[in-house]
Each structure stands twice: as structure tokens, then as C-alpha cells.
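Below you'll find the structure, written out as C-alpha cells, and then a few comments.
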Amino acid sequence: MTTIASNLQAVRDAITSAAAEAGRNAGEVKLLAVSKTFAADALREAYLAGQSSFAESYVQEALDKIAALRELPIEWHFIGPIQSNKTRGIAENFSWVHSVDRLKVAERLSEQRPVHLPALQVCLQVNVSGEASKSGAAPNEVIALAHAIASLPRLKLRGLMAVPAPSADIAAQRQPFAQLRQLREQLNRQGLQLDTLSMGMSHDFSAAIAEGATIVRIGSAIFGNRIYQKETL
Ligand SMILES: *Cc1c(COP(=O)(O)O)cnc(C)c1O
């Protein structure tokens, strides 16, 4: 087995036990392999080990890999910060976008989604308490924004996404994930039908699964540590 294949197996096993511990079925948790900064060959290796959904954070880097791996039926997810002048490449090449955090970007993605493709699946990124980055809508904007995004014709609002600040303590890790889960419950009581909580990364996916994650986004536990080059940033 290659390193990537055995890492993938270890991550799958850890997802299965975190789900069991939470009284959930592991089949409710989708594993997204976060491949930013890794070359197409690494993704091919993961694909051959049974992984078919990949997430990227930088538009140009992603488009190069999508072109290089055209022959594989990969489901591509975009999870990085979105500049409004970069929406077209995303609208035309991805199945999912997890990092929508303002209406202008959502409107552009909807307008630019090609008619021959199914609606773009989106999550609204929320800046939950203790957020590490500046990305994400403020929790008090989420209700209005979610309803506005849900009404756009070429988008399908699936749920919420968050990237909480790292914490070593499992109880502290669970708190922002619980906040995201409660926001989704609130939106669903208002008539939205959100089935997705995109939360949990290599260091905190067990806590996210305990709070109801339906998609975990895992990079370094599969591919190893990232080395950032100037050109990718
Ligand atoms: C890089 C990244 C991940 C994966 O992080 P790891 O710690 O390597 O698992 C998940 N989500 C987002 C939004 C990311 O940018």
C-alpha cells in the first residue's frame, strides 16, 4: 500500500469509530480529500485508493489539476476564499462550493453557472466563535443571507460550513461545531431544507462528527504536511 492509501484507510477507520461513538452511521459522513498544494499524481494515487471527492482552495491551481485529471470522474469541491473576479472558473468547473460568504459572490456564481450543468451545490461559510480566518459571514447575518442564497436559480443551498480556530481540547473543539449545527436547525425550522454541515479537518474531525458533521474536509492526514510555495498563494 502506498502512504496515501494507508493514510486514507486510517482516516476512514477514524471516521467510522468517531461516528460509532456518536451513535451515528459512518455512511452519513462524507470524506472530502483536501488536495491543495499537492500535485495531480498525489490525487491520482488517492483516487486509485477509492477516493473520488477532492477539495481545492486556489482557483488557478485547481483548474490545472482538473485539466490534468480530466479522464477521472472526480467530484470537485471549492473551499477557498472567493474573490468576486474569480467566480467564473469556479462556476464552470466545480460541483460544490463550500466558501460562499456574501451575496455578491453567490449572485455571480448563479449567473455564471453554465446551463448544461446541474445547479451548483453551495454551503454558506459562517465565521463561528473563535474563527481563525477572516472568511465567513457573521452569525447574525447568516439567516438573511441563507434565505437570499436559497432563492438564486442556479445554486442549490445545501448547508453551512466553518473553519474554527485550532484547539487541542475536544470539548473546546465541539463548541463552534455545535453553534453551526444549531444555526442549521434554526434555518430548517424556517423552511429551508439544509442537509449539510461541512465541518471538521485533520485535527478536529472527531469533534465535528460528534456534533453532526455530514462532510469532513481532510488534507494533511491524507497527503502529509503542506509546503506552501509563493506561486500557490
Ligand atoms: C486546508 C483546508 C482544510 C484541510 O486542512 P487539514 O488540516 O490539512 O486537514 C479543510 N478546510 C479548509 C477550508 C481548508 O482550507
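The values are calculated or read from the model by the stated rules, or taken from the named source; none is laboratory data. Since we're looking at a predicted model, the values are computed, not measured. Methodologically, a virtual Cβ is constructed for each residue, glycine included, from the backbone with ideal geometry; neighbour enumeration extends over all protein chains shown. Protein only, heavy atoms only, side chains kept; ligands, DNA and RNA dropped before computing areas. Shrake-Rupley method; radii C 1.70, N 1.55, O 1.52, S 1.80 Å.
Overview of values
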| quantity | calculated |
| --- | --- |
| Cross-chain or 6+ apart pairs with Cβ under 7 Å, region 103-132 first and of a type in the set (S, T, N, Q), then in a helix (DSSP H, G or I) and surrounded by 18 or more Cβ atoms within 10 Å (Cβ to Cβ) | Q112/T87; Q112/A91; S129/P176; S129/Q179 |
| Among the candidates V29, V11, residue that is touching a residue at least 12 places away in the same chain (Cβ under 8 Å) and either closer than 21 Å to N225 by Cβ or open to solvent by 30 Å² or more (accessible area, probe 1.4 Å) (or both) | V11 |
| Within region 161-183, tally of residues that are in contact with a Lys or Arg (Cβ under 9 Å, 6 or more places away or on another chain) and either free of Cβ contacts under 8 Å to residues at least 40 places away in the same chain or open to solvent by 40 Å² or more (accessible area, probe 1.4 Å) (or both) | 1 |
| Selection status of E107, open to solvent by 30 Å² or more (accessible area, probe 1.4 Å), more than 21 Å from W76 (Cβ to Cβ), at pLDDT 95 or above and among the acidic types (D, E) | yes |
| Residues (within 16 Å of S99 (Cβ to Cβ), part of a loop (DSSP other than H, G, I, E, B) and open to solvent by less than 10 Å² (accessible area, probe 1.4 Å)) located in region 195-217 | M199, G200 |
| Per-region count, region 24-81, residues within 15 Å of the ligand (Cβ to nearest atom), within 15 Å of the chain's Cα centre (by Cα) and of a type in the set (D, E) | 1 |
| Candidate set: region 180-198, residues that are touching an Asp or Glu at 6+ places or on another chain (Cβ under 9 Å) and over 27 Å from E111 (Cα atoms); chosen: the one nearest to the ligand (Cβ to nearest atom) | L180 |
| Test: residue in region 192-207 that is more than 29 Å from A62 (Cα to Cα) and without any contact (Cβ under 8 Å) to a residue 60 or more places away in the chain | yes |
| Single condition A148 does not satisfy, out of (1) over 18 Å from V97 (Cβ atoms); (2) more than 10 Å from the ligand (Cβ to nearest atom); (3) small (G, A, S); (4) out of contact with any strand residue (DSSP E or B) (no Cβ under 6 Å at 6 or more places or on another chain) | (1) |
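Results for (1) surrounded by fewer than 18 Cβ atoms within 10 Å (Cβ to Cβ); (2) touching a Ser or Thr at 6+ places or on another chain (Cβ under 6 Å); (3) under 23 Å from Q179 (Cβ atoms); (4) not acidic (D, E), shown as yes or no for each residue.
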site	(1), (2), (3), (4)
A68	yes, no, no, yes
P73	yes, no, no, yes
H77	no, no, yes, yes
Q83	yes, no, no, yes
A91	no, no, no, yes
E111	yes, no, no, no
L120	no, no, no, yes
C123	no, yes, yes, yes
N127	no, no, yes, yes
